[in-house]
1. Taking the Cβ of each residue in Leu78, Leu91 as the centre, tally the other Cβ atoms inside 10 Å and list the residues starting with the fewest.
2. Only helical DSSP H runs with n ≥ 4 go in: add -39500 (n - 2.57) per run for the chain, normalise by residue count and round the 222 nm mean residue ellipticity to 500 deg cm²/dmol.
3. For Phe132 and Thr21, compute 0.36 nm times the residue count separating them, minus their Cα-Cα distance, and round to one decimal in nm.
4. For the range 1-93, what relative contact order do you get, as a whole percent, if you take Cα pairs closer than 8 Å and at least 6 residues apart?
5. Give the lysines reachable from Lys246 as a straight Cα distance under 23 Å; neighbours fewer than 8 places away on the same chain don't count.
6. Residue separation times 0.36 nm, minus the C-alpha to C-alpha distance between Arg356 and Asn280: what's the value?
7. When a/c reaches 1.5 or more, the comparison of a/b and b/c decides; with that in mind, is the range 234-377 rounded, prolate or oblate per its Cα gyration tensor?
8. In percent, what relative contact order does the chain have, based on Cα pairs under 8 Å that are 6 or more apart in sequence?
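What follows is calculated from the coordinates using simple rules that are stated; it is not laboratory data. Quick caveat, the model's predicted, so the values are computed rather than measured. Please note: Cβ atoms are built from the backbone with ideal geometry, for glycine as well, and neighbour counts cover all protein chains shown.
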Amino acid sequence: MIARTKSIITRNLLNIPGWRTKRKIVVIESDDWGSIRMDSPEAYRHFLSLGYPVDQCPYNRYDMLESNTDLEMLFEVLDSVRDIHGRPAMLTANSLVANPDFEKIEADNFANYHYQIFTETLKRYPNHDRVFDLYHEGIDNKIVKLQFHGREHLNVGRWMQALRDGEEHTIEAFKHHMFSVHAKKPYDNGLEYMEAMDYDTKEQLMSFESILDEGAGIFEQLWGYRSASFIASCYIWPTEIETILKDKGVNYIQGVVAHAVPASEKFKYKYKYHFQGTRNAHGQRYIVRNAFFEPSHTPEDDNIGQCLKRIDIAFKWNKPAVISTHRLNFMGGLDPLNRERGLKQLSSLLKQIMKRWPSVEFMSTDQLGDTMEGLHQ
């Protein structure tokens, strides 16, 4: 009872500072689109047979590169509701634009890292031939707005060092065109090399400038516009990259209240706290997530009810509701029932939002940021 009371108080307190509006704005931010994860159902069964605990990690259990069917079914759900302006629910799909080129890395004897653009990765998978076109249709129909999540969802420095050193679990994953398989390793902090903007050396920190520069350029090439917002993998990033992002047109930085800043010791962090719409030294605004919807990650929870409660708190403090979710909740390539459950709950959540707050306005992250700046009505 005491813990629950503290949680409610904390949720309220975190919504007090920052930018305010009486409008009922809902933003759905979803991470990991475009990145590889589990390669296939066959790979999943292979790693299980080796005793790897892939079944204990929801991302390895359910998540893989989005397919034609995944996007078609998700877009249908988003398009099934309309806000006060007659607009469908919009998903801010935070996109990775590249993945490792495993063949080139192996041919180079792990001496150098090589990547391939997302559209090339799609060619490796069946039922993925329309993904790129579906995204553009979704953009045109204002159902999805892609934003920049990084070049790839990978800590290149740590992963490449593990490969060069012959770390057995990383090598086994590499054979199946994957990063990791949820095994404990000396090179990893439990995030399976996903913490792209974390670093161990000054050289790795300096490499982020070219990684972000190339990634932002590929993003514009793929989607036809510059991304106005950015979300760092695993909510970890050095403050130095914010000025790099500013130069790439990023005015809004997505995240949660606590921002993990890499410290001098490996896998150690200092924490900075951000509140809705506050600015950094470069004038960029922080867009802070204050509601969460993760049915595949926490199936035992009342994801719909808890999300609605957080939205209610946000609105009571005159804050937009920024819902955090991840791709795995809507993926069916490994387990079609996962997609069915996730989309059913998403549909219910959207309908209940509209029923409880008929004046809701659906926006993408960049539209919310522009609203804060007085640039979007």
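1. Lowest count first: Leu78, Leu91.
2. -12000 deg cm²/dmol
3. Numbers: separation 111, 0.36 × 111 = 39.96 nm, distance 3.56 nm.
Gain on extension, Phe132 to Thr21, equals 36.4 nm.
4. Contact order relative to length: 31 percent.
5. Straight-distance partners of Lys246: Lys145, Lys202, Lys270, Lys272.
6. Net length gain for the segment: 23.9 nm.
7. Numbers: a/c = 2.01, a/b = 1.33, b/c = 1.51.
Note, shape of the range 234-377 comes out oblate.
8. 26 percent
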